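Visitor: First the structure, which I've put down as structure tokens, then a few questions once you've had a look.
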Amino acid sequence: MARRPANPDRTYEIVLEEFRVARAHADELKEQSKTANAAAAKLKAEATRLKKRAVSEAEKKLEKAKEEYERVIDLVKHPED
């Protein structure tokens, strides 16, 4: 990257202050990122829990439906019982 021409108005103190402001901004963004990641992890855990519950409920319904199906098939095959 090409060097810029020297700017007599930019002193060490000015550049150092710009660095401090940029560093503070980066630290703030890092904290926001941590907060966002924590929230995302909570949401993912909740979604996983809800998914497992939905699958479990669906499996129970399927088992009941299979039992009912078998009961109906038995009634059709053996109507005299």
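The values are calculated or read from the model by the stated rules, or taken from the named source; none is laboratory data. Predicted model only: the values in this text are computed from it and were never measured. Surface accessibility is based on the protein's heavy atoms, side chains included, excluding ligands, DNA and RNA. Shrake-Rupley method; radii C 1.70, N 1.55, O 1.52, S 1.80 Å.
Visitor: Given the conditions (1) more than 23 Å from the chain's Cα centre (by Cα); (2) open to solvent by 100 Å² or more (accessible area, probe 1.4 Å), report the number of the one that residue 78 does not fulfil.
Guide: (2)
Visitor: Got a sec? Which of 53, 71, 20, 10 is of a type in the set (Lys, Arg), open to solvent by 70 Å² or more (accessible area, probe 1.4 Å) and not in a helix (DSSP H, G or I)?
Guide: One residue alone meets the criteria, 10.
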